[in-house]
1. Going through segment 95-120 one residue at a time, which ones are among the hydrophobic types (A, V, I, L, M, F, W, C), closer than 23 Å to residue 8 by Cβ and modelled with pLDDT of 95 or more?
2. In segment 68-107, how many are farther than 17 Å from residue 37 by Cα, touching a strand residue (DSSP E or B) at 6+ places or on another chain (Cβ under 8 Å) and among the polar types (S, T, N, Q)?
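The values are calculated or read from the model by the stated rules, or taken from the named source; none is laboratory data. Model, not experiment: these values are computed from the prediction. Cβ coordinates were reconstructed from backbone atoms using ideal geometry, including for glycine residues, and neighbour counts include every protein chain displayed.
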Amino acid sequence: MTDDICSLPPDFEAKITILRPEQGGRTIPPHNPIRWDLGYADRAPDDPIYMIWPNFLDDHGVPISKGIPLSGTLPAQMHILARDMIKFHKSRIVVGTKFNCHEGRRMVATGVVTKVYFPI
């Protein structure tokens, strides 16, 4: 499933701001497909982070091609990998929910939910 994530319908959409190196972000820009984990912005430091991966989009809503460096604030389709966690995330994710993107324990981006598409 992880290789085909971009071909699956998204669970929600978000605007994600990629942190610059001086903000604690990466020194090398990320590219699609990046496999960041999501932590809710209101989480305590020891709370879990989740396998919810972004697929960044261009200004026309089309996925940005692999190999193109990503920076700034971009829209993204978000995919929850652990399908058994849908009920949990459905209770947390609404338009306006803030979150952080992590590489391990390091925060590399911030985001806010803009649309929700959860299955019924």
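1. Here is the first cut: in segment 95-120, the residues among the hydrophobic types (A, V, I, L, M, F, W, C) are 95, 99, 101, 107-109, 112-113, 116, 118, 120.
Still in the list and also closer than 23 Å to residue 8 by Cβ: 95, 99, 101, 109, 112-113, 116, 118, 120.
Of everything in segment 95-120, those that are among the hydrophobic types (A, V, I, L, M, F, W, C), closer than 23 Å to residue 8 by Cβ and modelled with pLDDT of 95 or more turn out to be 95, 99, 101, 109, 112, 113, 116.
2. Number satisfying all stated conditions: 2.
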